[in-house]
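Single-structure report; data block below.
The values are calculated or read from the model by the stated rules, or taken from the named source; none is laboratory data. Everything numeric in this text was worked out from a predicted model, so none of it was measured. Heads up, the Cβs are rebuilt from the backbone with ideal geometry, glycines too, and the neighbour counts pull from every protein chain shown. For the accessible areas, the whole protein counts, side chains as well, though only heavy atoms, and no ligand, DNA or RNA atoms are used. Shrake-Rupley method; radii C 1.70, N 1.55, O 1.52, S 1.80 Å.
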Amino acid sequence: TDPALIRNFCIIAHIDHGKSTLADRMLQLSGIVEDRQMRAQYLDRMDIERERGITIKSQAVRLPFTALDDATYVLNLIDTPGHVDFSYEVSRSLAACEGAILLVDAAQGIEAQTLANLYMALENDLAIIPVLNKIDLPAAQPEKYAEELAGIIGCEPSDVLKVSAKTGEGVEELLNELVRQVPAPVGVADAPARAMIFDSVYDTYRGVVTYVRVVDGELSTRERIEMMSTGATHEMLEVGVISPEPTKVDGLGVGEVGYIITGVKDVRQSKVGDTITSAAKGATEMLPGYQDAKPMVFSGLYPIEGTDYPVLRDALEKLQLNDAALAFEPETSAALGFGFRCGFLGLLHLEITRARLEREFDLALISTAPNVVYRVVMEDGTEHTVTNPSEFPEGKIDQVFEPVVKATLLSPSDYVGAIMELCQGRRGNLLGMDYLSEDRVEMRYTLPLAEIVFDFFDQLKSRTKGYASLDYDTSGEQASDLVKVDILLQGETVDAFSAIVHRDHAYAYGTEMTKKLRELIPRQQYEVPVQAAIGSRVIARENIRAIRKDVLSKCYGGDISRKRKLLEKQKEGKKRMKMVGRVEVPQEAFISALSTG
Ligand code: GDP
Ligand code: MG
């Protein structure tokens, strides 16, 4: 295709503002999906995406469109993942475009996530087309939000397009504007091929399907290609475009978007952000912006049934074929048995992974409280990377570094006080605050990532009646006064409950956990102390009192069969007991202590 007739674009929107529905209307308008084949949210392929209403993996679809000038254009819609956990994938899919539709619900206004993605799009020099959706809703306030949008991106309110993705109203006009305002791709046709990978998906039948945007030169079938970050070469078995089903083509030229299949079996060999060139006469310089996916949040995953351990390992290996960011290694816990320490991009990534393991592999799992990665520098200059609190080094520590994020919060101005209180309690630092309109405020904070991974989002929602929204991006590390708090049962550390917390929060964590365990662990034959300690210093203590009466004494020595039944029941219960030192703890107790966070 002549690059002058190509337009590559994406849709930036908050969850539920109508991105998938708008994509559906575009598919119908271009005629590549017949009305009778149409199903809602055509492009959201994974079940879990449909259920949770989020897009995890981006997709690229090619739409022919005849514009007002009677020329037929090729529009490539690149669907970006909407969640902050996947912000690196978002940034790569934005880099594959020249323009972005900024889609905002006309009854809701702009949200933090949209704003963060908009800033990312502006950094990538994309042409922005502001669009208000759902104008068919009685609650829509298109005039009000057109002002707001115009104020943020610096255009006139009258430049803001108004559509209904549901009814299709205004969608054709939108595509015409897109052709007019989004620049055609530019690249050097006779240069060595350079294409950026913006997504990579494992398919059971075809291996890894890699989505690319060609910048220079051409990729053609049966050529050998090279992954520039590693130098690995592969044979190209198929080149194609999605329209909306995969369709083979001979090659992809400057500005084109499509997929390639090389026969690799693992998405880690075909990484998002990497540059593909031809193996024979390759380019020397990679396209900018490549970075390795780095797990930010760690948690131990353990099967509730110990015999499920091999199933869990196979399941994690299978998920990794499709998820370059998922990391795991075996781990054992005295309390929980055999499991895996897993690394995730963020909390949502953790939740999705866990839900998929439970659903697709029929596993019952218990996960330890999530923690971030700490860098510990000792007084003698040695360094430790700690991804598991129980590995926090002993000895003379000079400094502990923790990852921090830059957070953007958007809220009605009524809740500014509540948000400030929350952020201050979480060791936040206010960077700035702007009024987007008279009743909507944007606040920017730096916050330790560890303070966000627990229940920050829930707290934010409850303190603002659901009105505030949050987005964040990692922003280096800071030295903090962090300590490891251990929980001990009769003097024995229970590894699954160790946590790295700020010194100011250590006491609160210690008292909360000891109280919880005192309530959850049944009485033993003797008194059992539950303690929280920093090193050898005990900071909180509770006692599980001893049982007074023997169970059998309740039976008054009378009914023999009743006695036997009781004994059997006790035996059964014991099977699911874990020994911590001399203390018997039902696994249930660990599970509920960990799940009530
Ligand atoms: P996404 O999360 O941005 O992909 O949003 P969806 O496309 O899944 O839409 C979220 C919800 O809004 C769905 O229930 C849609 O049916 C609804 N929706 C989307 N566009 C419109 C619209 O223009 N008008 C109305 N009334 N509802 C819409
Ligand atoms: Mg969607």
Next item on the list: Give just the number: which of (1) touching a strand residue (DSSP E or B) at 6+ places or on another chain (Cβ under 8 Å); (2) closer than 17 Å to Gly535 by Cβ; (3) open to solvent by 50 Å² or more (accessible area, probe 1.4 Å) does Glu394 not satisfy?
Entry: (1)
Next item on the list: Evaluate the range 198-219: report whether one residue or more is of a type in the set (Gly, Ala, Ser) and surrounded by fewer than 18 Cβ atoms within 10 Å (Cβ to Cβ).
Entry: no
Margin query: Being of a type in the set (S, T, N, Q), closer than 23 Å to Thr210 by Cβ and modelled with pLDDT of 85 or more is true for just one of Thr368, Thr275, Thr332, Thr307. Which residue is that?
Written below: Thr275
Notebook entry, point to check: Considering only strands (runs of 3 or more DSSP E) fully contained in the range 180-227, which possess at least 2 residues that are in contact (Cβ under 8 Å) with a residue 24 or more places away in the chain and more than 28 Å from Ala100 (Cα to Cα)?
Noted result: 224-227
Checklist line | Evaluation of Leu410 against (1) modelled with pLDDT under 95; (2) among the aliphatic types (A, V, I, L, M); (3) under 18 Å from the mean Cα position of the chain (by Cα) (one fails), failing number | finding: (3)
Checklist line | Flag for Met420 being farther than 19 Å from Lys294 by Cα and either out of contact with any Lys or Arg (no Cβ under 7 Å at 6 or more places or on another chain) or among the charged types (D, E, K, R) (or both) | finding: yes
Notebook entry, point to check: Ala280 fails exactly one of the following numbered conditions: (1) under 30 Å from Gly253 (Cβ atoms); (2) surrounded by fewer than 19 Cβ atoms within 10 Å (Cβ to Cβ); (3) touching a helix residue (DSSP H, G or I) at 6+ places or on another chain (Cβ under 9 Å). What is the number of that condition?
Noted result: (3)
Note to self: What's the number of the only condition in (1) farther than 26 Å from Asp203 by Cβ; (2) modelled with pLDDT under 90; (3) more than 17 Å from the chain's Cα centre (by Cα); (4) within 16 Å of ligand 2 (Cβ to nearest atom) that Ala60 fails to meet?
What the structure shows: (1)
Notebook entry, point to check: Pairs under 6 Å by beta carbon, first residue without any contact (Cβ under 8 Å) to a residue 60 or more places away in the chain in the range 275-296, partner surrounded by 13 or more Cβ atoms within 10 Å (Cβ to Cβ) and of a type in the set (Asp, Glu), six or more apart or different chains?
Noted result: Ala279/Glu226
Next item on the list: Kindly indicate the residue of the range 444-481 that is in a loop (DSSP other than H, G, I, E, B) and farther than 25 Å from Gly343 by Cα and also most open to solvent (accessible area, probe 1.4 Å) among those meeting that condition.
Entry: Lys465
Checklist line | Condition broken by Ser480, with the remaining ones in (1) in contact with a His (Cβ under 7 Å, 6 or more places away or on another chain); (2) closer than 24 Å to Glu542 by Cα satisfied | finding: (2)
Next item on the list: Take Ala407 and decide whether it is in contact (Cβ under 8 Å) with a residue 60 or more places away in the chain and surrounded by fewer than 19 Cβ atoms within 10 Å (Cβ to Cβ).
Entry: no
Next item on the list: Six or more apart or on different chains, Cβ under 9 Å: which pairs go from a residue in the range 493-508 that's in contact (Cβ under 8 Å) with a residue 60 or more places away in the chain and in a helix (DSSP H, G or I) to one that's surrounded by fewer than 23 Cβ atoms within 10 Å (Cβ to Cβ) and among the polar types (S, T, N, Q)? Could you list them?
Entry: Asp495/Thr332; Asp495/Ser333; Asp495/Asn388; Asp495/Ser390; Ala496/Ser333; Ala496/Ser390
